[in-house]
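Written below as structure tokens is the structure these notes are about.
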Amino acid sequence: MCRMVEREICAFQIHGQDAPFEAVVLNRTSGEGLLRATGPVDCESQKEYTFVIQAYDCGAGPSGADWKKSHKAVVHIQVDDLNEFPPAFRESEYKASVTEGRIYDSILQVEAWDQDCSPQYSQICNYDIVTPGTPFAIDRNGQCWSVKLNSKRDYRIRNIRNTERLSYERQQSYVIMVTAFDCGQRSSEQGVAVHIDVKPVCKSGWQGQSRRNAT
């Protein structure tokens, strides 16, 4: 019998700059191979890879000098994201003051961001006031903008407003805790404290003994 070794596939070679992948032959006869990572890949570091791969037959012996090569094929790999990072607030705490007796559409704005790379996990979809029984609410809809620092970060801005008129005599200050959720429903590990001071309305009048009219 004559064995056609030149039709078998003995190796694959990857051409690319620092591509953390290798290709191994699983079946020489069929040419089936396996492409696998040689180390950890991280979506936050690099979202996708593109490189060229070639197959080599076994026709020229172990030296490889005269191996026949296939045409080059381009491989595109996209790295799936895991929801590794919780949302984080831009500030460690927020402070604002209001005048008693008024209803505000916006007392202050809170902002959070997420370090994950995919839109599902990097975007902030919701905020929640976790302190019960407070006369405040947070908008369900907010503005979205991006800023490039060390990486592109997607901030979602929300307004905090009061749901009833506040009274300086009844309560002079509030501290409420706010948490953020990404679109994968992962919450921030620590909520942020929002301090709101209530200022009294200036009222005209005499203090102490009333002034008598001069006679």
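Evaluation of residue 52 against the conditions (1) out of contact with any strand residue (DSSP E or B) (no Cβ under 7 Å at 6 or more places or on another chain); (2) modelled with pLDDT of 90 or more shows that the sole unmet condition is (1). Among residues of segment 113-126 that are in contact (Cβ under 8 Å) with a residue 60 or more places away in the chain, none has a beta-carbon under 6 Å from a residue that is among the β-branched types (Val, Ile, Thr) and part of a loop (DSSP other than H, G, I, E, B) at least six positions away or on a different chain. Looking at residue 105, is it open to solvent by 80 Å² or more (accessible area, probe 1.4 Å) and within 30 Å of residue 201 (Cα to Cα)? Yes; evaluated as a whole, the condition is true for this residue. Taking into account only those residues within segment 19-48 that are of a type in the set (Asp, Glu) and under 21 Å from residue 71 (Cα atoms), which is farthest from the chain's Cα centre (by Cα)? By that ranking, first place goes to 32. Of the residues making up segment 175-191, those that are under 16 Å from the mean Cα position of the chain (by Cα) and assigned to a strand (DSSP E or B) are 179, 180, 181, 182, 187.
The values are calculated or read from the model by the stated rules, or taken from the named source; none is laboratory data. All values derive from a computational prediction rather than experimental measurement. In this analysis, Cβ positions are derived from the backbone assuming ideal geometry, glycine residues included, and neighbour counts consider all displayed protein chains. Each accessible area value is taken on the protein alone, full model and side chains, heavy atoms only, with ligands, DNA and RNA left out. Shrake-Rupley method; radii C 1.70, N 1.55, O 1.52, S 1.80 Å.
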